[in-house]
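J.: This is the structure I have questions about; it appears just below.
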Protein chains: 2
Amino acid sequence: MFEFSIAATDGRARAGVFATPHGPLATPVFAPVGTQAAVKTLTPAQVGELGASLVLANTYHLYLRPGDYLIRDLGGLHEFMQWPAPILTDSGGFQVFSLSKSRKIDDDGVTFKSHVDGSSHRFTPERSISIQENLGADVIMAFDECSDPNDRAYTRLAMQRTHRWAERCLASKSRSDQALFAIVQGGVDPELRRESAAFIARLDTPGIAIGGLSVGETKEEMHAMLDVVTQALPPGKPRYLMGVGTPEDLLDAVGRGVDIFDCVLPTRLARHHSAFSPDGRLNLMNAGFARDERPIDGTCDCYTCRTFSRGYLRHLIVAGELLAGTLLSIHNLRSLIRLVAEVRLSIFDGTFQDRRAAWLVHWQGNAQKSGRTAPAIR
Amino acid sequence: MFEFSIAATDGRARAGVFATPHGPLATPVFAPVGTQAAVKTLTPAQVGELGASLVLANTYHLYLRPGDYLIRDLGGLHEFMQWPAPILTDSGGFQVFSLSKSRKIDDDGVTFKSHVDGSSHRFTPERSISIQENLGADVIMAFDECSDPNDRAYTRLAMQRTHRWAERCLASKSRSDQALFAIVQGGVDPELRRESAAFIARLDTPGIAIGGLSVGETKEEMHAMLDVVTQALPPGKPRYLMGVGTPEDLLDAVGRGVDIFDCVLPTRLARHHSAFSPDGRLNLMNAGFARDERPIDGTCDCYTCRTFSRGYLRHLIVAGELLAGTLLSIHNLRSLIRLVAEVRLSIFDGTFQDRRAAWLVHWQGNAQKSGRTAPAIR
């Protein structure tokens, strides 16, 4: 279980297969986000048609609603949301820090108030693991502390706490059918990142996550941190870059040896009428699209682009039809999933380095902000 | 074109086939409502999977947004919304009377204000037909005036105006690939209904609609009017009962010789967390469903019932996930479409009269209010 084999490389980019209880994951892989046990506005059948393999769900949200014990009693997340392929849950840490109304961190854990009803709750590394064991995802995350990268002193403390919590998570884990990934932190400080990567690499985990990026730092800082971290990690474990990203981010990170991605960007953009396209992001609310008979992206093979005109999509948006969000989510998610699938093939072909420049041109204008999973809820 | 052949009868119930440019319609048929050129929250692919054949769209809404000329220029409704099977449009009359902010009726037409932006507009019989010709549905409706059934004097005037308008619609129609249905009015007065049915029956139309029912009258009044009207209509034309209805309404009306139905009820109930079931309507928001592992309806073959537990659906509702509306719409629409398909088979078998009582028991508790298409927009 959880064997990771690298089938091909091109420069530092890797194409591999990660074995999970719900089937093999071909990497690199992009995971749609199903925050509350649902990829927003899409049925699992539609998500499957996109070619998605891995789906992410959020521990913080599911702990609050409907509760991890309820999901356990109804057969676990796969049965509950009827997703037959692999699922990954985060630890809840990031959302506690970004969403909850107030929080108090100590060395043992975090006490926080629910963003839903203000009620008080407490997460510890052990509780995070027990929640994730109740949820039953294939890949689970150690409880970590995400710091303000510009506060170096705090970033060091948070990193050290993250390391101690990772050990406690590992010690408290009881299910053998879940892969626990520990998380590298360290802000934008190369020394801290190197130290964190070395520490996390020594733990006995089947994979490693890279946290604390795409949280406000510059692209150059993110790239520099990825360079430091991936070079300090063992090549034989899959690497998951949490909450990233844009098409450009994916290309940049795959080129630095990252294997697993998730991001709310495609579905969040869809709710804001925005679509990936070779001409940059299109805001389909614009009046200029009213009589546009073309699909969003003539090179895209998704249901939306195979079927509907920009004019129809604009009508749905203007008329307030929720179907617009569904159709744009299908397109945006398929765009990234297809890009990553093509990237994977190019690694086998040995053409990734060459094609990367062309892809970056194709996707330029879709670059702007990436987004982590936290503010995804609305 | 537009031939109607009755293949079997059982009592007054009829099973037929109505030929349209977009394929034959097997009757009785229930049409999902796609008010704004979209069945709310569902892709055309999902609507097709429900076994839907006919879809209704609303002239009033599409005239206002995105405009009938735009839809014409983008290839007509079938191309615009990518629905490959037959489409029916109403005349806009009912919505002008029920939705627009103010209206002034004269013998020539109606001047009204848009419910969207308050702008002024005017519909005449000729304009209603030209809009519907621009939209390009297979079945279109004559412009009619729907009156308060309790005001007999006004009901008579409105009926007479409806008759004159029907003649003008017929005279102004120019496309040969659209079937114009004229509409029987007359409130809840048997004499007026008989007079209206006789008048409308004499017009050269391939089908006849029955309007002004399910607008607040009692079930007994509706049944009495259906008895009067259907007995005064020629047997060889399809009969469309506008805006009806509940499972019971369908069974009652098929038994009285009605062939075509539409209603917003299934999708509107879905948006209010309500689902048809053999135990009566379920409000899936109720806490009692939180741990319910059963499907909504164990006898239903829809995607939702084949796939998800009531507990999961309740979670989606409580968490505010729009997917809940999609999944409940699938179930509610499939319930009615499947019921009507079974009714059709029973007419061939000669078992309709016998099975009707059992169906009424199965669907009792789903009886409450029916709903016309007007207030569907939200």
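The values are calculated or read from the model by the stated rules, or taken from the named source; none is laboratory data. All of these numbers come straight from a predicted model, not from anything done at the bench. Heads up, the Cβs are rebuilt from the backbone with ideal geometry, glycines too, and the neighbour counts pull from every protein chain shown. For accessibility, only protein heavy atoms count, side chains too; no ligands or nucleic acids. Shrake-Rupley method; radii C 1.70, N 1.55, O 1.52, S 1.80 Å.
J.: Taking the stated definitions as given, is B:ARG202 surrounded by fewer than 18 Cβ atoms within 10 Å (Cβ to Cβ) and either among the aromatic types (Phe, Trp, Tyr) or within 17 Å of B:GLU167 (Cβ to Cβ) (or both)?
T.: Here the answer is yes, as B:ARG202 does meet what is asked.
J.: Is there a residue in the stretch B:165-187 that is touching a strand residue (DSSP E or B) at 6+ places or on another chain (Cβ under 7 Å), open to solvent by less than 20 Å² (accessible area, probe 1.4 Å) and among the aromatic types (Phe, Trp, Tyr)?
T.: yes
J.: Let me ask another. Out of the residues in the stretch B:322-367 meeting the condition of being at pLDDT below 95 and more than 22 Å from the chain's Cα centre (by Cα), tell me which one is nearest to the other protein chains (Cβ to nearest Cβ).
T.: The qualifying residue nearest to the other protein chains (Cβ to nearest Cβ) is B:HIS362.
J.: Could you go through the stretch A:88-95 and let me know if any residue there is crowded, with 24+ Cβ neighbours inside 10 Å, on the phi < 0 side of the Ramachandran plot, within 12 Å of another protein chain (Cβ to nearest Cβ) and of a type in the set (Phe, Trp, Tyr).
T.: Looking for residues that are crowded, with 24+ Cβ neighbours inside 10 Å, on the phi < 0 side of the Ramachandran plot, within 12 Å of another protein chain (Cβ to nearest Cβ) and of a type in the set (Phe, Trp, Tyr), one finds none in the stretch A:88-95, hence no.
J.: Taking B:GLY136 and the conditions (1) on the phi > 0 side of the Ramachandran plot; (2) modelled with pLDDT under 95, which numbered condition does it fall short on, given that it satisfies the others?
T.: So B:GLY136 meets the others, but not (2).
J.: Further, regarding this structure: Restricting the first residue to the stretch B:58-75 and requiring it to be closer than 11 Å to A:ALA319 by Cβ, which pairs with a second residue that is small (Gly, Ala, Ser) and open to solvent by 10 Å² or more (accessible area, probe 1.4 Å) meet a Cβ separation below 8 Å and a spacing of at least six or different chains?
T.: Listed by first residue and then by second, the contacts come to B:PRO66/A:ALA290.
J.: Where in the stretch B:62-171 are there strands (runs of 3 or more DSSP E), lying wholly inside it, with at least 3 residues that are under 23 Å from the mean Cα position of the chain (by Cα)?
T.: Answer list for the stretch B:62-171: B:87-89, B:139-141.
J.: When you scan the stretch B:124-131, do you find a residue that is within 14 Å of another protein chain (Cβ to nearest Cβ) and at pLDDT 95 or above, even just one?
T.: no
J.: Out of the residues in the stretch A:297-318 that are among the charged types (D, E, K, R) and open to solvent by less than 30 Å² (accessible area, probe 1.4 Å), state the one that is nearest to the other protein chains (Cβ to nearest Cβ).
T.: A:ARG310
J.: Here are some residues: B:LEU64, B:LEU70, B:LEU54. Which one is over 27 Å from B:ILE260 (Cα atoms) and modelled with pLDDT of 95 or more?
T.: Residue meeting the stated conditions: B:LEU70.
J.: What do you reckon, is B:PHE276 more than 16 Å from B:HIS331 (Cβ to Cβ) and open to solvent by less than 10 Å² (accessible area, probe 1.4 Å)?
T.: no
J.: State yes or no: is A:ALA45 crowded, with 24+ Cβ neighbours inside 10 Å, among the hydrophobic types (A, V, I, L, M, F, W, C) and within 12 Å of chain B (Cβ to nearest Cβ)?
T.: no
J.: Something else about it: May I ask you to verify whether A:THR230 is open to solvent by 40 Å² or more (accessible area, probe 1.4 Å) and of a type outside the set (Asp, Glu)?
T.: no
J.: Examine the stretch B:281-296 for a residue that is under 25 Å from A:HIS78 (Cβ atoms), of a type in the set (Asp, Glu), more than 10 Å from every other protein chain (Cβ to nearest Cβ) and open to solvent by 10 Å² or more (accessible area, probe 1.4 Å), and state whether such a residue exists.
T.: no
J.: Further question on the same structure: Within the stretch A:1-60, which strands (runs of 3 or more DSSP E) (wholly inside it) include 3 or more residues that are under 30 Å from B:VAL47 (Cα atoms)?
T.: In the stretch A:1-60, the matching strands (runs of 3 or more DSSP E) lie at A:55-57.
J.: Could we say that A:ALA52 is within 14 Å of another protein chain (Cβ to nearest Cβ) and buried (at least 23 other Cβ atoms within 10 Å of the Cβ) here?
T.: no
J.: Still on this structure, I have one more. Among the residues of the stretch B:12-30, is there at least one that is open to solvent by 20 Å² or more (accessible area, probe 1.4 Å) and on the phi > 0 side of the Ramachandran plot?
T.: Yes, the stretch B:12-30 contains a residue that is open to solvent by 20 Å² or more (accessible area, probe 1.4 Å) and on the phi > 0 side of the Ramachandran plot.
J.: Go through the stretch B:298-329 and report how many residues are in contact with a Leu (Cβ under 9 Å, 6 or more places away or on another chain), of a type outside the set (A, V, I, L, M, F, W, C) and not in a helix (DSSP H, G or I).
T.: Within the stretch B:298-329, residues that are in contact with a Leu (Cβ under 9 Å, 6 or more places away or on another chain), of a type outside the set (A, V, I, L, M, F, W, C) and not in a helix (DSSP H, G or I) number 1.
J.: Ok, one more. Of all residues in the stretch B:251-264, which are open to solvent by less than 10 Å² (accessible area, probe 1.4 Å) and not acidic (Asp, Glu)?
T.: B:LEU251, B:ALA253, B:VAL254, B:GLY257, B:VAL258, B:ILE260, B:PHE261, B:CYS263, B:VAL264, listed by residue number.
J.: Among the listed residues A:LEU333, A:LEU316, A:LEU250, A:LEU284, identify the single one that is free of Cβ contacts under 8 Å to residues at least 40 places away in the same chain and of a type in the set (A, V, I, L, M).
T.: Of A:LEU333, A:LEU316, A:LEU250, A:LEU284, the one residue that is free of Cβ contacts under 8 Å to residues at least 40 places away in the same chain and of a type in the set (A, V, I, L, M) is A:LEU316.
J.: Restricting to the stretch B:230-257, name every residue that is of a type in the set (A, V, I, L, M), within 18 Å of the chain's Cα centre (by Cα) and in a helix (DSSP H, G or I).
T.: B:LEU250, B:LEU251, B:ALA253, B:VAL254, listed by residue number.
J.: Given (1) in contact (Cβ under 8 Å) with a residue 60 or more places away in the chain; (2) open to solvent by less than 30 Å² (accessible area, probe 1.4 Å); (3) not basic (Lys, Arg), where does B:ALA37 come up short, assuming only one miss?
T.: For B:ALA37, the exception is condition (1).
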